[in-house]
There are 4 protein chains.
Amino acid sequence: MKALTYHGPSRRYWADVADPVLEDTEDAIIRVDAVTICGTDLHILRGDVPTCEPGRVLGHEAVGTVQEVGAGVRRVQQGDRVLISCITACARCRFCREGRYGLCLGGGGWILGHRIDGTQAERVRVPYADTSTHALPEQVSDEAALMLADILPTSFEVGIKAGRVAPGDTVVVVGAGPIGLASIVTAQLLSPGRIVVVDPAAARREAAKSLGADIVLDSTDDVESVVRENTDGLGADVAIEAVGIPETFELCTRLVRPGGRVANVGVHGAPATLHLEQLWDKGVSITTGLVDTSSTPTLLTMLANHRIDVGSFITHRFGLDEIQDAYDVFSRPSDTGALKVALFRQH
Amino acid sequence: MKALTYHGPSRRYWADVADPVLEDTEDAIIRVDAVTICGTDLHILRGDVPTCEPGRVLGHEAVGTVQEVGAGVRRVQQGDRVLISCITACARCRFCREGRYGLCLGGGGWILGHRIDGTQAERVRVPYADTSTHALPEQVSDEAALMLADILPTSFEVGIKAGRVAPGDTVVVVGAGPIGLASIVTAQLLSPGRIVVVDPAAARREAAKSLGADIVLDSTDDVESVVRENTDGLGADVAIEAVGIPETFELCTRLVRPGGRVANVGVHGAPATLHLEQLWDKGVSITTGLVDTSSTPTLLTMLANHRIDVGSFITHRFGLDEIQDAYDVFSRPSDTGALKVALFRQH
Amino acid sequence: MKALTYHGPSRRYWADVADPVLEDTEDAIIRVDAVTICGTDLHILRGDVPTCEPGRVLGHEAVGTVQEVGAGVRRVQQGDRVLISCITACARCRFCREGRYGLCLGGGGWILGHRIDGTQAERVRVPYADTSTHALPEQVSDEAALMLADILPTSFEVGIKAGRVAPGDTVVVVGAGPIGLASIVTAQLLSPGRIVVVDPAAARREAAKSLGADIVLDSTDDVESVVRENTDGLGADVAIEAVGIPETFELCTRLVRPGGRVANVGVHGAPATLHLEQLWDKGVSITTGLVDTSSTPTLLTMLANHRIDVGSFITHRFGLDEIQDAYDVFSRPSDTGALKVALFRQH
Amino acid sequence: MKALTYHGPSRRYWADVADPVLEDTEDAIIRVDAVTICGTDLHILRGDVPTCEPGRVLGHEAVGTVQEVGAGVRRVQQGDRVLISCITACARCRFCREGRYGLCLGGGGWILGHRIDGTQAERVRVPYADTSTHALPEQVSDEAALMLADILPTSFEVGIKAGRVAPGDTVVVVGAGPIGLASIVTAQLLSPGRIVVVDPAAARREAAKSLGADIVLDSTDDVESVVRENTDGLGADVAIEAVGIPETFELCTRLVRPGGRVANVGVHGAPATLHLEQLWDKGVSITTGLVDTSSTPTLLTMLANHRIDVGSFITHRFGLDEIQDAYDVFSRPSDTGALKVALFRQH
């Protein structure tokens, strides 16, 4: 079959690879019907993720049709249309049993397109299929479902829930890429009083506005002053870091009010400075995390019931064999205006 | 009256100052019967707390007898024996109404011995007396009560509760000064499975052990390995920073397990490095805070019922007019073995 | 001044009474600009509330202008336009300090129009004025503010928050009177997946629908089956009792899923049967409560920012001196279609 | 093999039955080394549990040695010494994935000795063996481990945690049978300020006292007055129902303070009266539940580390083939003084 493989920094090929086969009784082999590219894939291609070895098929977000299941698979059946989650869960380890699948100790966690071959291929082997896929209801389209493979649960769990967003809160989202925009969407499930978004790109600020941001600011604006003016001088209840660089993280720690929460969602490659001499008595909490996808069933139901609208996330569509073009478009968002790209199996 | 006043770095005097008088209808004038010195007082004397101005009477922990109350004081009465809390609460502002008295916006918070004259004096004016003092039951001695003015609620709220210590947890306490030792005592209220304490001073490790630490380590020990060996290689559930320097904070972030909590209690004067490139997907929470003293009534009841033992905290006792000696002893703990010192009114 | 006084079952007078005067340093005298009638007032008039004695001026919900304040009042000033909350808070007792103002031990709680004279009058004395009133921003009209005096915080705190409504939940609201309708409005702050409402009156079902209910059912419908069909046979995540009779409470305990929550908001005059032989292993929680009004500042901000719409609650408007007519209309909702009535001071 | 089978009310036989065999790839066959009898077994023998059919082997608590595992079992291995939990968990259903194993929708929950053959036998088949058994560390004896099969996690999860016991709380435990006594032990993990126990049997009050109860009362004592006197007239923070009859449940609802919690642990066969006319504004929560055994790993560690002492629970010991005698002793506790009985495999 054809697959997109990583061969060291900046080297990716769309090439023939061996078809995946069942390796374990709880595996499923799934035909990929729709797939997307994640910012993390770009990180890998920059060489930032040494745990991802050359030869690896990339991709950890897809919708597909189950073709074959191992003898130990009970819930998923051949022919099922399923969401392939970015997180694989063994269901038996200490963390899985607490609902912390992202921390799985039994060989799961984020492994697809990272430690084992992923979803940017015609077919993919998914371990622990029963607890690592989600049956899709008919009324949820492939395209909408793709937003549930990573960005919606990530923003909701690691941003909104870890940040304990509550009705009436002032929430600042720093960064309006796909994760930042998904944070705007999922924050609204808790009815914040005001969403402030900061991003240097005008197009992304525009997208933020249309998805529900109340105030959008350029990175060159005096963000701290604007937030203070809108919060009786106190600062934001919650600041969500959705970029992944020291500057934006440090901005978040300045924007948050006494007693507030900083929820880091961004993937970081370098340390930040934590101004404890200012923060020690401020009563803040700072959280980090990988998604558990424990919220995926809920988000799926809400998508099916039209409680969440993800219509505007996908800006570019491709055939699966056009994936090299899709990478080109996705990796230059300021030129192309790309948010999320979707690739579909050709019939 | 006599009082200990601060006159700039390293300058403290035991000298005559004007007697405090009622300045507001909700003030009380309280005779100081017992008082202690806090590590924060030493910080002030090093010039680390610029908000504390020369001329200030120091001290924010005391037990006293109410001598006079303003017309607006309802609960506290002349003759009452009370604990003077390190936190003053207006009771009306947003934060006080949420029980976050440490963040009081109405002129309270940590003000005694900081923004207004404090308790290291023969008498002290306490604003918002009804909500800033606690009536003491007869069976709690002055000496025991002093431990409730700051270190017990601070360690319990900012360390144990913010760190969400739960039964069976492995808790690491970095630093075995008064706050670290109080953390050992209050952690046991939640029955952790194991308490590991790290401190460079042998005497403090000894004290930690006698207060309930299961494992005590020198700072030169391979703390990370020991913690990992005791936690199936995962790390501590909770790491409590009770020193206030970058190294110990950074150690805490390395000691904590995936999904664990770092609770910072130490007073910091400099920024730390936050290794987000290692922490972004680790699912940790980091909290900071000043005590609210919302747990003081509970701790007081537990002290009265002998559920908490603070008998070994006070290592040196003085008359109030010997306070300069007490400072000398308290500021050289490695020579003197001092943990907390207590000063008493002479009859 | 004129006031509506209670003189035993079914006897109410609009008559001259003595003007209220400051009795305590923390009192305020407030001119009533707008006031409403609560279902609880009807309970009193049926003789169901023996703690309310004859001669009492009724009413615990109003908007007014401060005319005079005691010497101990700090935040509220003459001329302020304020919301008079149904709950009075001493701010000093154990429960007030925990934010549980409804349980105030210091002479507060629900006292207005109950244990002391209330708001259905030209003027009212409000004790502990600083912590029992809320300054009103200009953009919130008197009429909208009235909905915050009781029904919005009550439904939000005692129904939605106690029931721990979360995004995606199926919420059943039993009873679509003012409190039930307010529950529909405030439930939506947490984005439930589906709101089911049960009420025997077609007009109220209609109102429920227009306020956001997804499914409305008559009391004669097979409510249990409909709820089960919509929840994979499991039952509702949350059932909110908003009537106050045994039948509706018992219905709630049947409607809720294993692991679900029953939040009782209704005022009950008789015991209910609790089928523990069916519930003991079902893992449910049942909560009761009087509102604390701790959510009032948040709800006020959301009203000011147009995050909540209460435009359709008030169905009838009167001058204050037409209050007897207002009672007639309000007490016959099935004839008059009344939800909430508002009475305004004449200029 | 020999097993204790139920054949309708009051009819139990120790007789030959077919040896259990693997029926599913995730089953294990476990040799029973130690087993106990639960009060629920007596309920079954009274005919109170119609879902338990004649012919059933009883028992849902045991320690054993794994003899054979299905092909889909990954963690448990032949020769392992394991605790057989009263709750079986499929690990894949919605509730198992939330850690609510007691509500398992995948064929688990309480099934052993209820819907499938149980542990009062020489061997037992345990479905979903990986997630329904717990490996036992050497330092935990069979006898101690038996206390973890049901009573310790049940009292801790359904009583102490559902009742949100916190340091300093006044906790009333109504009923001092095995579950009530286990509640006393597990309550102490959260350092309540005072534990009050009510039971009509002097021997059980004695046992309660020795396990840590501060005040023990006979059912004929004026329990309400004693609790009030010890709680400033307010009532208990938490009342734990550990009997299972209407009277004791109703007592709990009277004993609890405004804002308090009633945690029902008892197995009920009849409805109770809920005095909503007194409770509607009292701000209480009432919880019910079957154990999830999510706390078992933690309790096991604490037992291994000597943080919990269960030495006095087992009052009588038997060989497995003396099980009929053991039932006789266990079912007449007032004559025999039995708390828990333990039966051991003969070598």
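A short reminder: the numbers here are calculations on the coordinates, not readings from a lab. What you see is a predicted model; the values in this text were computed from it and never measured. Backbone-built Cβ (ideal geometry, glycine too); neighbour counts: all protein chains shown.
Can you tell me how region A:283-326 classifies by the Cα gyration tensor, rounded, prolate or oblate, using a/c under 1.5 as the rounded cut? Verdict is oblate for region A:283-326. Label-point distances for C:Ala202 to the equivalent site in the other copies, using a point 7 angstrom along Cα→C-beta, read 5.7, 7.1, 9.1 nm when ranked shortest first.
Counting only residues at least eight positions apart within a chain, or on another chain, the lysines with an alpha carbon under 30 Å from that of A:Lys161 are A:Lys209, A:Lys282, A:Lys340, B:Lys161, B:Lys282, C:Lys161, C:Lys209, C:Lys282, D:Lys161. Note that the protein assembly as shown shows a convex hull volume over its alpha carbon atoms of 175 Å³ per residue.
Taking 12 Å as the straight-line reach from the Cα of A:Lys2, the aspartates and glutamates in range (excluding those fewer than 8 positions away in the same chain) are A:Asp16, A:Asp19, A:Glu122, A:Asp321, A:Glu322. Note on region B:199-252 and region C:236-280: Cα centroid distance 50 Å, given to the nearest whole angstrom. Where both partners of a DSSP beta bridge lie in chain A, what percent of those bridges are antiparallel, to the nearest 5? Of those bridges, close to 55 percent are antiparallel.
Multiplying the residue separation of C:Glu247 and C:Asp221 by 0.36 nm and removing their Cα-Cα distance gives an extension gain of 7.9 nm.
Across chain A, the longest run free of exposed loop sites, meaning trypsin sites (Lys or Arg not before Pro) lying outside DSSP classes H, G, I, E and B with no more than 14 other Cβ atoms within 10 Å, spans A:47-347. In the protein assembly as shown, the DSSP beta bridges split such that about 55 percent are antiparallel, to the nearest 5. Summing Cβ point charges (Lys, Arg +1; Asp, Glu -1) relative to the Cα centre of chain B gives a dipole of roughly 580 debye. Computed from the C-beta positions of B:Ser210 and D:Ser141 and an R0 of 35 Å, the FRET efficiency is 0.70 to the nearest 0.05. Between A:Ala208, A:Gly55, A:Gln78, the Cα set farthest toward the positive side of the dipole of chain A (charges on each charged residue's Cβ, about the Cα centre) is that of A:Gln78.
A label point on B:Asp325, set 7 Å along the Cα-to-Cβ line, lies at 7.3, 8.6, 8.9 nm from each of its counterparts in the other copies, closest listed first. Between the beta carbons of D:Thr51 and D:His7, assuming R0 = 22 Å, the FRET efficiency works out to 0.90 to the nearest 0.05. Computed about its Cα centre, the charge dipole of region B:285-347 is approximately 220 debye, with only Lys, Arg, Asp and Glu carrying charge at their Cβ.
Taking R0 as 60 Å, what FRET efficiency do you get between B:Leu42 and B:Arg228 from their Cβ-Cβ distance, rounded to the nearest 0.05?
According to the calculation, E is roughly 0.95.
C:Thr220 label point (Cα plus 7 Å toward Cβ) to equivalent points in the other copies: 5.6, 7.0, 8.9 nm, shortest first.
A quarter of the convex hull surface defined by the alpha-carbon atoms of region C:161-287 gives 6.9 nm² as the mean projection. Annotation for region D:287-347 versus region B:116-142: alpha-carbon center distance of 51 Å.
Quote the charge dipole size of region C:219-347 about the Cα centre in Debye, to the nearest 20; the model charges only the Cβ of Lys and Arg (+1) and of Asp and Glu (-1).
The dipole magnitude comes to about 460 debye.
Annotation: amide H of A:Ala34 within the under-5 Å range of A:Val63, A:Arg345, sequence separation 5 or more or interchain, hydrogens built in the peptide plane.
When the Cα positions of D:Thr273, D:Thr36, D:Gln139 are compared along the charge dipole of chain D, D:Gln139 comes out farthest toward the positive end, with charges on each C-beta of Lys, Arg, Asp and Glu.
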